[in-house]
């Protein structure tokens, strides 16, 4: 394929290229691993978003046999980059993001016809998946970094506590969850906010994407600013049980950042992507902050304090 220029990738197995032809450009997404998720499901979720008047990349062409799809080019202007500019009104950006999130959470579509002419139905984000994700912390981070204690004993206790935490979630799994909803996956296109990287979407807890946005390991914000965004979201809700929502927000933030520590360690060990390791200290800081706020997380706090007290208390 001609006129391809490789562009910055992400933490997945995908590779991205910008294709220029005359005055027109598009993005080629290559994936020879996890093809179904990275090509078919990605486009299926984008179709659902587009159907609901949410800006997501349109499919121009698919060549599944050759491991790629060609999609709309949204350029390079991520909200992450905008927020890092001097004199940017951060809260104005976040207000627009919250409006978008509210719109995404109103999506009722659960099924869509894929480009292979088969129905894709978005799966449920059940507790089994949450537990499996949180266990990446043990499987990669603990295994790699700590050899001086009984790994099996720690893992068993950890899983027991994680199961209890997931059972303490109060809200139903009935909301469209992007699952990687943070400012690096949001782009500014013609003064509108566009969503990318949607292939992991599931039907889950209403608090998950907000936790992903506010407790974003890639972007440091103050505790007071996080609270401001949280309250702005609450004010956009017609009917919400604040106690239940806050409880789930805190638990899901903790679980998500434990998962992230595991994933970033795996990326370094398995894939040689070591740049993500520098984000782990802030993930610990976010975990520590939410553990201190959530009463039902006390057992997890005690367990992590036994072995990782210095990590929880860094900064």
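The values are calculated or read from the model by the stated rules, or taken from the named source; none is laboratory data. Nothing here was measured: the structure is a model prediction, and the numbers come from that model. Cβ placement follows ideal geometry from the backbone for every residue including glycine, while neighbour counts extend to all protein chains displayed.
Inclusion of residue 5 among residues that are surrounded by fewer than 19 Cβ atoms within 10 Å (Cβ to Cβ), in contact (Cβ under 8 Å) with a residue 12 or more places away in the chain and under 22 Å from the mean Cα position of the chain (by Cα) is not warranted. Any residue at all in segment 191-201 that is under 17 Å from residue 308 (Cα atoms) and exposed (fewer than 15 other Cβ atoms within 10 Å of the Cβ)? Taking every residue of segment 191-201 in turn, none turns out to be under 17 Å from residue 308 (Cα atoms) and exposed (fewer than 15 other Cβ atoms within 10 Å of the Cβ). As a summary of the residue check, residue 57 satisfies the conditions (1) loosely packed, with under 13 Cβ neighbours inside 10 Å; (2) at pLDDT 90 or above; (3) under 30 Å from residue 274 (Cα atoms) except for the one numbered (1). When residue 111 is tested against (1) under 30 Å from residue 153 (Cβ atoms); (2) in contact with a strand residue (DSSP E or B) (Cβ under 8 Å, 6 or more places away or on another chain); (3) exposed (fewer than 15 other Cβ atoms within 10 Å of the Cβ), only condition (1) is not met. The residue list 225, 249 contains one member that is under 29 Å from residue 84 (Cβ atoms) and in the same structural domain as residue 280 (by TED's automatic domain parsing), which is 249.
Within segment 44-54, track down each residue that is out of contact with any helix residue (DSSP H, G or I) (no Cβ under 9 Å at 6 or more places or on another chain) and surrounded by fewer than 20 Cβ atoms within 10 Å (Cβ to Cβ).
If we filter segment 44-54 for residues that are out of contact with any helix residue (DSSP H, G or I) (no Cβ under 9 Å at 6 or more places or on another chain), which is where we start, we get 44-48, 50-51.
Once the filter is applied, which keeps residues that are out of contact with any helix residue (DSSP H, G or I) (no Cβ under 9 Å at 6 or more places or on another chain) and surrounded by fewer than 20 Cβ atoms within 10 Å (Cβ to Cβ), segment 44-54 yields 47, 50, 51.
Residue-wise test of (1) more than 30 Å from residue 24 (Cα to Cα); (2) in contact with a helix residue (DSSP H, G or I) (Cβ under 9 Å, 6 or more places away or on another chain).
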site	(1), (2)
42	no, no
59	no, yes
70	no, no
91	yes, yes
95	yes, yes
98	yes, yes
113	no, yes
120	yes, yes
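Identification of strands (runs of 3 or more DSSP E) wholly contained in segment 182-228 with 1 or more residues that are at pLDDT 95 or above and under 21 Å from residue 275 (Cβ atoms) yields 186-189.
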